[in-house]
Amino acid sequence: MKLGVLGGFGLAAPRIMVRAAHAEVPMSEVENPGFYRFKLGEFEVTSILDGLRPGDGPHPTFGADQSPENVAELLEQNFLPAGRFVNSFTPVLVNTGAELILFDTGLGAGAREGGMGRLRARIEASGYGPDDVSVVVVTHFHGDHIGGLMEDGQPAFANARYVTGQAEYDFWTAEERLSGATENAARAVQANVVPLAEKTTFIGDGDEVVTGVTGILAAGHTPGHMIFRLESGGRSLVLTADTANHYVASLQRPDWHVAFDADKEAAAATRKQVFDMIASERIPFIGYHMPFPAVGYAEKLDVGYRFVPVSYQLML
Ligand SMILES: [Zn+2]
């Protein structure tokens, strides 16, 4: 009796449905173009996804000084799994009308096989070419920010000049960085940043890149880490770079230690200072490792901040 019923279903209608779904409508392999664009006053701002990197965590990278249970509880409250996360990398292109400024360069060619290092292709998908970039700003010298400066041993943005923090350059090019814990990162700086030094303007806290783009020293993540405030037509936006690197763990618990931060306490103090400013001014920000398109607001909570992803605010 039971077998008869199953047999009846098995031999008739379902077979036809299965064939139709699999053979006649193949899945699309067309990818999302990987950029997000809006106007900020007279500026055009484009956030570009260099790639995604799934991995284990966020603990102990985030909440390095916390128990795994503590971190898991916060993540689960926020509908996130405790054992896996996806890191994302988001350089930003700003057309001021006079200059095409690229902030950070992604992981570069070495990461392309793993599906990252896609900045160049996606600049093109967004309507520009790498040769159109006139200024490259580097927020700090970690590999996911400087990896795309060179392409086949040549400058990847052939017509660009460069702007970066003096403190960052001085730290990474000091002789003693070439051994010990900083060795690999310092070698990447020697390969990708130092050859461009003659075309680089070194800035400090409060210096302008161009009119309407101001650098702010936000040290802690690295000794010379800089963020950038954009102002145009009465509107403001902050590029927070790596001030906060996980939209829940770093923003809701800004004091938690993060393995990537060179000075854990200074990084936490800077996080609170920067996001207090963004929350109290109620202005949007783009965080390099926020979930794509990486644009949002920060709402101040009793402890920390809630990341509020942008919806239509910047279309108006
Ligand atoms: Zn980074």
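The values are calculated or read from the model by the stated rules, or taken from the named source; none is laboratory data. Just so we're clear, the structure is a prediction, and the values are computed from it rather than from any experiment. Note that we place each Cβ from the backbone using ideal geometry, even for glycine, and neighbour counts take in every protein chain shown. For accessibility, only protein heavy atoms count, side chains too; no ligands or nucleic acids. Shrake-Rupley method; radii C 1.70, N 1.55, O 1.52, S 1.80 Å.
Just to be sure, is Glu198 among the acidic types (Asp, Glu) and touching a residue at least 40 places away in the same chain (Cβ under 8 Å)?
On the way: among the acidic types (Asp, Glu): yes; touching a residue at least 40 places away in the same chain (Cβ under 8 Å): no.
So Glu198 fails the test.
Residues considered: Thr139, Thr173, Thr182. Of these, the only one that is among the hydroxyl-bearing types (Ser, Thr, Tyr), under 17 Å from Phe260 (Cβ atoms) and touching a helix residue (DSSP H, G or I) at 6+ places or on another chain (Cβ under 7 Å) is Thr139. Here Met290 qualifies as within 16 Å of Leu314 (Cβ to Cβ), modelled with pLDDT of 95 or more and either in a helix (DSSP H, G or I) or within 16 Å of the ligand (Cβ to nearest atom) (or both).
Taking Ser236 as the residue in question, decide whether it is open to solvent by 10 Å² or more (accessible area, probe 1.4 Å), closer than 17 Å to Phe103 by Cβ and of a type in the set (Ser, Thr, Tyr). In short, yes. Cβ-Cβ contacts under 6 Å between residues 6 or more apart (or on different chains), taken from a first residue in segment 300-316 that is in contact (Cβ under 8 Å) with a residue 12 or more places away in the chain to a second residue that is open to solvent by 40 Å² or more (accessible area, probe 1.4 Å) and not basic (Lys, Arg), are listed as Arg306/Glu299; Phe307/Tyr247; Val308/Tyr297; Val308/Glu299.
Of everything in segment 265-316, what is surrounded by 14 or more Cβ atoms within 10 Å (Cβ to Cβ) and among the aromatic types (Phe, Trp, Tyr)? Give them in sequence order. Phe275, Phe285, Tyr288, Phe292, Tyr297, Tyr305, Phe307 - these are the residues of segment 265-316 that are surrounded by 14 or more Cβ atoms within 10 Å (Cβ to Cβ) and among the aromatic types (Phe, Trp, Tyr).
Of all residues being within 15 Å of the ligand (Cβ to nearest atom) and among the acidic types (Asp, Glu) in segment 217-272, which is nearest to the chain's Cα centre (by Cα)? Just the residue, please. Filtering first and then ranking leaves Asp242.
Of all the residues in segment 151-167, those that are under 25 Å from Asn95 (Cα atoms) and in contact with a Gly (Cβ under 7 Å, 6 or more places away or on another chain) number 3.
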